[in-house]
Structure formats: C-alpha cells, structure tokens
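Only one structure is covered here, and it is reproduced in the block below.
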Protein chains: 2
Amino acid sequence: MAALFGGIEAGGTKFNCIVASSPETILAETRFPTTTPAETIGRVIDFFHGYPSLGSIGIACFGPLDLNPASPKFGFITSTPKANWADTDITGWIKRELDVPVGIDTDVNAAAMAEGIWGSCQGLDSFVYFTIGTGVGGGAVVNGKPLHGLVHPEMGHIVLPHDHQRDPFPGNCPFHGDCFEGMASGPAINKRWGQSAETLPADHPAWDLEADYISQAMQSIVCTLSPQRIVLGGGVMQQPHLFPLIRQKTQSFLHGYVQAPQIMSNIDQFIVPPGLGTHSGMMGAIALAQQAK
Amino acid sequence: MAALFGGIEAGGTKFNCIVASSPETILAETRFPTTTPAETIGRVIDFFHGYPSLGSIGIACFGPLDLNPASPKFGFITSTPKANWADTDITGWIKRELDVPVGIDTDVNAAAMAEGIWGSCQGLDSFVYFTIGTGVGGGAVVNGKPLHGLVHPEMGHIVLPHDHQRDPFPGNCPFHGDCFEGMASGPAINKRWGQSAETLPADHPAWDLEADYISQAMQSIVCTLSPQRIVLGGGVMQQPHLFPLIRQKTQSFLHGYVQAPQIMSNIDQFIVPPGLGTHSGMMGAIALAQQAK
C-alpha cells in the first residue's frame with residue numbers, strides 16, 4: 001500500500017484537510033471555515049487524530065509565512081491582517097499535537113510543486129503557478145525547488161501599466177492600489193464593473209481589459225523568472241475564453257523579444273490551466289508532506 | 001600558487017579579457033572593440049594563447065544566449081540584432097581553439113555570481129544584480145545557482161507604470177517602448193532630457209523620475225524573486241545620490257507589504273552598489289571559469 005500523507009490547504013476563508021497518497025487516492029477529506037486559530041487548528045488536529053498511520057503532514061498556507069529554517073519563527077504565519085492569525089505557529093502547533101513531521105509553504109508555492117509532480121508541469125524544473133481569484137498570488141519552482149529567498153514571492157503585487165483614461169478604476173489593493181492584484185483580482189473586476197466576474201458575458205469589455213492586465217503581468221514574469229511554463233488557476237480563470245486572449249496578448253506584448261519556440265509558436269502549451277484543476281493547492285499540501293522530515 | 005583562469009567579458013561594444021585567480025590577483029588584461037565574430041574571437045584566442053597554463057575560461061556574454069545544456073546550440077549567441085553575431089557558437093569556437101573547458105552565462109548572471117563570491121552578496125544564496133546603463137539587464141542567483149529556466153532572465157524588459165502626463169517620453173525600447181529599459185536606461189534619459197545623464201545636476205528633476213522607475217521595477221523584483229539583496233550597477237548608477245532616493249522610494253512603493261527587517265529597517269544593506277565596483281562582469285567570467293568542466 002502506498003504511504004499515506006495528510007494535507008492541509010489553509011486559506012483565509014476555509015481550511016481543507018485531506019488524507020491521500022496521490023490525486024487519485026484521496027481517502028478522506030473535510031473542510032471547515034477559518035475562524036480563530038485555536039478553533040480552526042483544533043478541528044485540523046481532531047480530523048488527523050482519526051488517521052494515526054500518517055507519515056507526515058503538509059500545510060499549503062495563506063501568508064505571509066516565515067520560511068527561513070534558521071529563524072526562531074520558522075513555520076509561523078507572520079504579519080497577516082487576518083484577525084487573530086498574526087504570529088501564529090501553525091506548524092509547531094500541529095507538529096506538537098500530532099507528533100509527525102510537518103512541512104509548510106505558501107499555498108501557491110505548494111500548488112506549483114503539485115503541478116510539477118502530478119499536473120501540467122511534469123518533467124520541467126522551473127515554472128510558475130498563479131491563482132487569480134479573490135486575491136492574486138504566484139508561486140514558483142526554480143531548478144526543482146520552491147522559490148523562497150528573503151521571504152517568499154508575492155507576485156500579486158508587481159506593478160502594471162495603468163491607462164487611467166481607458167480604466168479610471170484606481171485599483172483596490174489596500175497596500176499598492178493598482179498593482180496586479182489591485183487591478184485583476186475578482187473583487188477588482190466586481191468593483192470596476194459593478195457586477196461579479198461570473199455574471200459578465202464573454203463579449204463584455206471587462207475581459208479584454210482583464211486579459212491585458214494579466215498578459216502585462218506575464219510579460220514581467222517571463223522577463224524575470226524565465227519559466228518553462230506558466231499555470232493560471234483560480235476563480236477568475238474559470239472563464240475558458242480568457243486563455244486564448246491571454247496567450248495572444250502575452251505574445252504580442254513580448255513582441256518577439258524572447259525568441260523561445262515555447263513562446264513564439266507553442267504558447268498554447270506555455271500558458272496553461274492547472275492539470276490538477278482546483279486541487280493544485282490541496283495536492284500541494286500532500287507534496288509538502290512527502291518532503292517533510 | 002592559486003589556479004589561473006581566463007575571463008571574457010563579452011559586450012556588444014567591447015570585449016575585456018583577463019587572466020586572474022581572484023579580484024586581487026589579475027595577472028593580465030586586454031580590451032578591444034567588438035567587430036566581426038571572426039576578428040573579435042580571433043583576438044580573444046590570440047590573447048589566451050599567451051597563457052597556456054589556464055585551467056579553464058569563462059564568458060560573461062551579451063545575449064540572448066542558448067544556455068540549455070541539452071540543446072545542440074548550447075553556448076551560442078542566438079537572435080541578437082547585433083550585425084553578424086546572430087547564431088554564433090562563441091563557446092564552441094573558443095573551446096576548440098584553446099582546448100580548455102569553457103563556461104558561459106549572461107553578463108548579468110555572471111556579475112551576480114561574482115558579487116556572491118567576492119562582492120556585496122557573500123554569504124547569501126538568493127540575490128539579484130542589475131546593470132542600468134546603455135541598456136538595463138538583471139541577473140539572479142537563486143538557491144546558490146544562476147537563474148536560467150526557459151532561456152535566461154531579461155529583467156530590463158519588465159513592464160512599469162507610465163504616467164504620460166508627468167512623462168510624455170514614449171520610451172525607447174525598440175521591442176516594448178516604455179518597459180524598464182525603455183524608460184530608465186542611459187539613452188532613455190538622454191533622449192528624454194536632451195542631454196546625457198552625466199551632465200544632469202543632482203537636483204535636476206530627471207533623477208526623481210529615474211528613481212521612481214527604478215524603484216517601481218524593484219517593487220516587482222522583490223515581489224517576484226524575493227531576493228535577499230539587490231545590487232545596482234552600471235553607468236547610470238554612478239550617480240551616488242540615486243541610492244538613497246531609490247531605497248526610500250522602494251520602501252515607500254512596497255508600503256509595508258513585505259515585512260522583512262531587510263526592507264523595513266535595513267534597506268541601506270538591501271539595495272547596494274556592487275562590491276566589485278565596475279568589475280562584477282569581468283570577475284563573473286572568472287567565476288564561470290572556476291565552474292567550467
């Protein structure tokens with residue numbers, strides 16, 4: 001029998017917990033709203049107490065996180081504006097209660113890892129995963145390892161060109177106004193057009209503008225990280241007509257500068273939806289569990 | 001005696017060749033203009049023929065380059081607009097003539113490596129080096145290794161906000177118009193203000209605008225690569241008053257979002273000039289030689 005792992009997709013709104021060995025072998029699953037740390041982590045621990053044979057647990061977590069192994073606060077959620085969750089030692093808490101190795105990374109780094117193992121990025125060593133939904137976040141695998149550096153990437157907060165005449169919406173990021181997340185998240189679409197993204201028809205001008213912002217962000221990502229592939233997931237990307245638009249616009253914005261066949265002629269395989277559908281984050285937690293020591 | 005290496009800083013305007021074992025031990029040096037590949041590489045070979053004891057040679061090269069070890073064109077300069085240089089096997093040519101191992105990477109990745117070994121980034125494993133001069137280029141070391149991915153970074157071509165009312169200059173990048181390089185390179189300053197950067201006084205409004213563009217680019221770099229340090233080199237950065245401006249503006253644009261002490265309170269040690277002065281690229285070539293097999 002394949003080894004069993006616990007996975008926690010820890011989001012600001014809800015927590016998903018699973019017991020699995022692969023995307024095809026999910027033995028158990030539960031989800032509950034994110035309330036206080038004590039109550040929420042308590043429910044996590046209760047759930048996993050039912051599976052005493054787990055080898056390890058992974059947490060694909062909302063952030064910001066301290067991921068520096070040398071830091072006394074390694075594995076903590078640090079300065080989140082989410083009430084009660086700042087400075088929470090989620091990793092240590094679960095480790096102490098369940099007495100198994102626990103791995104942690106950002107939800108998007110974990111999702112990128114899972115796409116590399118089971119999804120759209122198998123066989124590659126450098127790639128990027130974006131979620132474009134309630135927020136915008138990006139994770140990356142570089143040379144086979146998740147990208148950390150000083151803290152961890154916060155790719156939703158890169159700068160974008162903003163033509164105020166075409167789009168007077170000032171952006172809704174509380175930190176940066178019109179950064180990528182401020183212009184292109186689901187709530188930004190909602191505020192700009194006065195209706196939610198799901199209710200906008202495919203021929204609404206919202207989508208051309210949205211594709212422009214996402215594609216300009218992709219220009220910066222291609223020029224900075226030089227990924228072998230970009231996976232776009234999240235609620236906003238559930239609109240299938242967005243993919244062809246973003247591919248064509250990214251190619252057009254890059255303007256032949258990066259002459260890789262993946263961009264010049266095979267962009268359909270360069271900018272892709274998640275191979276794991278909406279399970280990239282959850283399976284990312286399993287990937288983290290597999291590496292936890 | 002320390003092992004001797006050959007280094008070639010191969011630029012679009014000139015080539016520098018050195019024989020060295022460290023920044024303190026440069027035994028010989030020559031420089032000549034970049035003309036045709038045959039003539040220029042011929043002079044490289046002639047120079048190094050005088051040093052038959054070299055263990056290996058490194059090339060810190062203008063690009064774009066094919067750096068995929070599995071590619072039949074590994075080590076080639078690929079699609080450069082520079083006349084006669086497209087599709088040039090610079091690595092194979094030098095290897096065949098001098099019969100030593102030859103390493104190659106972009107000039108800016110090499111410069112980043114050198115700053116990690118001998119310069120401003122010693123002891124770190126993830127950092128970025130920018131040159132802001134005739135062009136704008138960025139290289140990176142991630143987890144101790146230069147960043148390649150699909151091709152290699154082209155960080156001079158990330159997108160920036162552009163307030164056309166404040167700055168009607170359309171940008172001078174032939175590919176993207178108002179990308180980072182198009183707005184912030186030396187020639188962009190020259191064209192915008194009608195005089196060259198070196199002749200603009202420190203209180204000229206050019207510098208506040210220049211610092212804005214560079215700092216917005218730094219916001220995107222921090223949010224994408226999460227470097228432990230950023231080194232800014234190149235001709236434009238020879239203006240010492242730019243550093244305090246860029247540090248203050250980068251902090252202000254990030255707006256407390258990335259809560260690392262390096263950014264919040266020690267930004268003087270986060271955005272720094274090259275420890276190797278103007279020799280980062282040249283010593284990068286030596287770093288590449290040391291790793292060449």
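The values are calculated or read from the model by the stated rules, or taken from the named source; none is laboratory data. Predicted model, so just to flag it, every value in this text is computed and none were measured. Ideal geometry is used to build each Cβ from the backbone, glycine not excepted, and the neighbour counts take in all protein chains shown. The protein model used for the area step is the full one, side chains on, heavy atoms only, and it has no ligands, DNA or RNA in it. Shrake-Rupley method; radii C 1.70, N 1.55, O 1.52, S 1.80 Å.
Residues in the stretch B:117-143 that are small (Gly, Ala, Ser) and within 13 Å of chain A (Cβ to nearest Cβ) were compared, and the one that is farthest from A:Gln216 (Cα to Cα) is B:Gly123. Remark: A:Glu97 matches the filter, which requires a residue to be under 23 Å from A:Gly12 (Cβ atoms), away from chain B (no Cβ under 12 Å) and surrounded by fewer than 18 Cβ atoms within 10 Å (Cβ to Cβ).
The single condition among (1) facing chain B (nearest Cβ under 10 Å); (2) open to solvent by less than 10 Å² (accessible area, probe 1.4 Å) that A:Leu200 does not satisfy is (1). If A:Pro146 satisfies all but one of (1) open to solvent by 10 Å² or more (accessible area, probe 1.4 Å); (2) under 28 Å from A:Met282 (Cα atoms); (3) within 12 Å of chain B (Cβ to nearest Cβ); (4) free of Cβ contacts under 8 Å to residues at least 12 places away in the same chain, what's the number of the condition it fails? Of the numbered conditions (1) open to solvent by 10 Å² or more (accessible area, probe 1.4 Å); (2) under 28 Å from A:Met282 (Cα atoms); (3) within 12 Å of chain B (Cβ to nearest Cβ); (4) free of Cβ contacts under 8 Å to residues at least 12 places away in the same chain, the odd one out for A:Pro146 is (4).
The set of residues from the stretch A:71-86 being open to solvent by 60 Å² or more (accessible area, probe 1.4 Å) and not in a loop (DSSP other than H, G, I, E, B) is empty. Of all the numbered requirements in (1) touching a strand residue (DSSP E or B) at 6+ places or on another chain (Cβ under 8 Å); (2) of a type outside the set (D, E, K, R); (3) within 11 Å of another protein chain (Cβ to nearest Cβ), B:Val258 misses one, and that requirement is (1).
Every test in (1) more than 14 Å from every other protein chain (Cβ to nearest Cβ); (2) crowded, with 24+ Cβ neighbours inside 10 Å is passed by B:Pro187 save one, and that test is (2). Within the stretch B:123-132, take every residue that is more than 14 Å from the chain's Cα centre (by Cα) and touching a residue at least 24 places away in the same chain (Cβ under 8 Å) and give me the one that is surrounded by the fewest Cβ atoms within 10 Å (Cβ to Cβ). The selected residue is B:Asp125. Number of residues in the stretch A:4-29 that are over 24 Å from A:Gly75 (Cα atoms) and surrounded by 23 or more Cβ atoms within 10 Å (Cβ to Cβ): the value is 0. Scanning the stretch B:30-42 for residues that are more than 19 Å from the chain's Cα centre (by Cα) and surrounded by fewer than 18 Cβ atoms within 10 Å (Cβ to Cβ) yields B:Thr30, B:Phe32, B:Thr35, B:Thr36, B:Ala38, B:Glu39, B:Gly42. Selection of the stretch B:179-215 for residues being polar (S, T, N, Q) and over 13 Å from B:Ile132 (Cβ atoms) yields B:Asn190, B:Gln195, B:Ser196, B:Thr199. In this entry, A:Ile45 is excluded by the filter for residues that are closer than 23 Å to A:Trp118 by Cα and out of contact with any Cys (no Cβ under 7 Å at 6 or more places or on another chain).
The rows are residues; the columns are (1) over 21 Å from B:Gln239 (Cα atoms); (2) open to solvent by 40 Å² or more (accessible area, probe 1.4 Å); (3) of a type outside the set (D, E, K, R).
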position	(1), (2), (3)
B:Thr88	yes, no, yes
B:Ala110	yes, no, yes
B:Ile117	yes, yes, yes
B:Thr134	no, yes, yes
B:Val141	yes, no, yes
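Scanning the stretch A:203-255 for residues that are more than 7 Å from chain B (Cβ to nearest Cβ), of a type in the set (Gly, Ala, Ser) and open to solvent by less than 10 Å² (accessible area, probe 1.4 Å) turns up A:Ala206, A:Ala211, A:Ser215, A:Ala217, A:Gly233. In the stretch B:151-162, the residues that are more than 7 Å from chain A (Cβ to nearest Cβ) and closer than 13 Å to B:Gly138 by Cβ form Cβ pairs under 7 Å with partners that are open to solvent by 10 Å² or more (accessible area, probe 1.4 Å) and part of a helix (DSSP H, G or I), at six or more places apart or across chains, as follows: B:Gly156/B:Glu181.
Restricting attention to the stretch A:256-272, the residues that are more than 30 Å from A:His152 (Cβ to Cβ) and open to solvent by 40 Å² or more (accessible area, probe 1.4 Å) total 4.
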